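Here the structure comes first, spelled out in structure tokens, and everything after it is commentary.
Only the coordinates and a few stated rules stand behind these numbers; no lab work does. As the structure is a computational prediction, the values presented were derived from the model and not from experiment. With ideal geometry, Cβ positions are generated from the backbone for all residues, glycine too; neighbour counts draw on all protein chains shown.
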Amino acid sequence: MKRREFLTNTAATSALIGLGGLGLNSCSSIGRKHITILHTNDVHSHIDPFPNSHSLYANLGGIARRATLVESIRNENPNTLLFDAGDIFQGTPYFNFYGGELEFKLMSKLNYDAATIGNHDFDNGVDGLLAQVPHASFELLSANYDFSNTVMDGFVKPFKIYQVDGVKIGVYGLGIALDGLVTKRLYKETLYLNPFEIASDMEHKLKEEEQCDLVICLSHLGYDYENPERPSDTQLAQRTHYTNLIIGGHTHTFLDKPDIRTNKNGDSVLINQVGAFGINLGRIDFYFDQDKNASVNGVSISV
């Protein structure tokens, strides 16, 4: 396994993230409680490794290797959560043949905790997505897709709260505008709600009402765009108050290190995205002291 240290001993490592003293630090031994967040995005039905002859990703990826890596990390730290930031479907014949069943079954075998919904997850329509829901043991989270008038109503939650070793972690999901990316006949009456407004509602609920120690967004908005008005993870980070970590997808962005942006409170927000096709696994480690102040490390692991 190749490891790329995302956070090095630079000025960025001293940035504060959110409230309560959460900050980035390169020391992995700080704190009494250790929470590990693992994540993927835009796997696009890549079950097998890339072949040795591939020009870019030779012999990388594959869900079997990811399963081995995840198991190893969980053995190292049982207080581990595993998330996906969308576009689970579409990209190989596995999806064309099985319609997403295999992807959801294998993610369930890996004990994913939650995933948000990407635009390609509608490629067999809302009916096709619903058909695969029984194969998912993990939560589907999306706060800004309103499925009320579709068959998916009741099968997607806006957020979920996890209690891990006494640390309360709130996770919500956001999706990209479907118009122009997905044919209307596929997403039907699914309503797209303003992600900035919904994120504000979600983080205030999770932080102020639910008293979460850590707030995470699973985003399929995309990392960044030339148009500053187009919703993106970088824009989201700057418009939030309490979101500590944005796990991104959609733009297939291979970040050399997690990006750090300043939110409305003047605190920093961590943004991470690990490319596509399951060739990398993102890992973020939080170390909480007895007062719930935390330091953070990030690495990207080539699978």
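Things to note:
- Taking 199, 177, 131 as the candidate residues, the one with maximal mean-square fluctuation in a Gaussian network model of the chain, Cα springs under 10 Å, is 131.
- The dipole here belongs to the chain: it is taken about the Cα centre, uses +1 on the Cβ of Lys and Arg and -1 on the Cβ of Asp and Glu, and is about 640 debye.
- Long-range tail of P(r) for the range 238-288 (Cα pairs > 16 Å, %): 45 percent
- A convex hull fitted to the Cα coordinates of the range 47-86 yields 83 cubic angstrom per residue.
- A simple spin-label model places the labels of residue 204 and residue 168 1.8 nm from each other, with each point 7 Å out along Cα-to-Cβ.
- When the Cα positions of 58, 159, 198 are compared along the charge dipole of the chain, 58 comes out farthest toward the positive end, with charges on each C-beta of Lys, Arg, Asp and Glu.
- Inter-label distance for residue 105 and residue 229, nm, one decimal - labels placed 7 Å from Cα along Cα-to-Cβ: 4.7 nm
- Highest-MSF residue in the chain out of 91, 61, 180 [GNM, Cα springs under 10 Å]: 180
- Lysine pairs in the range 2-302 whose alpha-carbon atoms fall under 22 angstrom of each other, counting only those eight or more residues apart or on distinct chains, come to 25.
- Its Cα gyration tensor gives the range 213-274 an equivalent ellipsoid. The semi-axes, each the square root of 5 times an eigenvalue, are 17, 13, 10 Å from largest down.
- In terms of the mean number of neighbouring beta-carbon atoms within 10 Å, the peptides 98-104, 114-120, 288-294 order highest first as 114-120, 98-104, 288-294.
- Rg to Rh, two decimals, where the range 145-273 supplies the alpha carbon set and Rh follows Kirkwood: 0.97
- Between residue 75 and residue 96, the modelled labels are 3.8 nm apart [label points 7 Å from Cα along Cα→Cβ].
- The sum of -39500 (n - 2.57) across all DSSP H runs of n ≥ 4, divided by the residue count of the chain, sets its helix-only mean residue ellipticity at 222 nm to -5000 deg cm²/dmol.
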